[in-house]
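Working notes, structure below.
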Amino acid sequence: MANYFAIIGAYLLGSLSFAVIVSRCMGMPDPHSYGSGNPGATNVLRSGRKSAAALTLLGDAFKGWLAVWLAEHYQATWQLDNSIIAIVAVAVLIGHMWPVFFKFKGGKGVATALGVLLALSWPTALICTAVWLIIAFGFKVSSLAALIATLISPFIAWWFMPQTSWVFAIIVIDLLVLYRHKSNIKNLFSGRESKIGQN
């Protein structure tokens, strides 16, 4: 039963959309109603409220980290297999992308995936973050930075992560992130992708 509770708990934690929660607390419009319509930090930044975007980014990353950290921390107590921790990592991302609390309309998962990476392997998370920052500041396109960091993360994870099941979890997470960015990929190829901070 502990396995099921861990997985369901991770999904429910992931379903807390901080873009919506922060926007409501700060008296801002629903992030679904402007910009790309995506409830994520990049779209919240389009509102002009940098503090709200920062809180969204931190909240979404924190929930990814927390779900995996709890599973790791209580692994012995709950008798969780390493493969269950891998499933927890995927479950929290699925919750973010398809949140039960917000009509299954969630974000694209980059910040939450980063939090998951941080809990599973901080060196992997650090390298992926560095790549994202270099591309984001160099080209001013958040989606491009996210896609490149996503594409390289399995190779970095393979080198640093101690469990093979965790590496496979990262591959699944990457496929989900790429799927959620399919419209961004089309816009990148057509030259219509918006830049960071663009209204």
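The values are calculated or read from the model by the stated rules, or taken from the named source; none is laboratory data. Not measured: the values here are computed from a predicted model. Every residue, glycine as well, gets a Cβ built from its backbone with ideal geometry; the counts of neighbours run over all protein chains shown. With ligands, DNA and RNA removed, areas are computed over all heavy atoms of the protein, side chains included. Shrake-Rupley method; radii C 1.70, N 1.55, O 1.52, S 1.80 Å.
Mind checking whether some residue in the range 52-69 is among the polar types (S, T, N, Q), at pLDDT 95 or above and farther than 24 Å from Val167 by Cβ?
As a first pass, look at the range 52-69 and keep what is among the polar types (S, T, N, Q): 56.
Retained after the next criterion (residues that are at pLDDT 95 or above): 56.
This time we only want the ones that are farther than 24 Å from Val167 by Cβ, so: 56.
Yes, some residue in the range 52-69 is among the polar types (S, T, N, Q), at pLDDT 95 or above and farther than 24 Å from Val167 by Cβ.
Picking from Thr124, Thr112, Thr129, which residue would you name as being in contact with a His (Cβ under 7 Å, 6 or more places away or on another chain) and within 23 Å of Pro162 (Cβ to Cβ)?
Values: Thr124 fails: in contact with a His (Cβ under 7 Å, 6 or more places away or on another chain); Thr129 fails: in contact with a His (Cβ under 7 Å, 6 or more places away or on another chain).
Step by step, each of Thr124, Thr112, Thr129 is checked, and only Thr112 is in contact with a His (Cβ under 7 Å, 6 or more places away or on another chain) and within 23 Å of Pro162 (Cβ to Cβ).
Kindly check whether there is at least one residue in the range 6-16 that is open to solvent by 60 Å² or more (accessible area, probe 1.4 Å), part of a helix (DSSP H, G or I), hydrophobic (A, V, I, L, M, F, W, C) and modelled with pLDDT of 95 or more.
yes
Rundown of residues vs (1) touching a Cys at 6+ places or on another chain (Cβ under 7 Å); (2) among the aromatic types (Phe, Trp, Tyr); (3) more than 26 Å from Ile21 (Cα to Cα); (4) in contact (Cβ under 8 Å) with a residue 24 or more places away in the chain, yes/no style:
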position: Leu93; (1), (2), (3), (4): no, no, no, yes
position: Val116; (1), (2), (3), (4): no, no, no, yes
position: Cys128; (1), (2), (3), (4): no, no, yes, yes
position: Val131; (1), (2), (3), (4): no, no, yes, no
position: Phe137; (1), (2), (3), (4): no, yes, yes, no
position: Ser142; (1), (2), (3), (4): no, no, no, yes
position: Ala146; (1), (2), (3), (4): no, no, no, yes
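Return yes or no: is Thr77 free of Cβ contacts under 8 Å to residues at least 40 places away in the same chain and under 19 Å from Met1 (Cα atoms)?
Numbers: free of Cβ contacts under 8 Å to residues at least 40 places away in the same chain: yes; under 19 Å from Met1 (Cα atoms): yes.
Judged against the criteria, Thr77 is a match.
How many residues are open to solvent by less than 50 Å² (accessible area, probe 1.4 Å), of a type in the set (Ser, Thr, Tyr) and under 14 Å from Ser194 (Cβ atoms) when one looks only at the range 17-41?
Selection size over the range 17-41: 1.
Answer yes or no: is there a residue in the range 51-60 that is under 19 Å from Tyr4 (Cα atoms), open to solvent by 60 Å² or more (accessible area, probe 1.4 Å) and not in a loop (DSSP other than H, G, I, E, B).
In the first step, residues of the range 51-60 are kept if they are under 19 Å from Tyr4 (Cα atoms); the result is none.
Checking the range 51-60: not a single residue is under 19 Å from Tyr4 (Cα atoms), open to solvent by 60 Å² or more (accessible area, probe 1.4 Å) and not in a loop (DSSP other than H, G, I, E, B).
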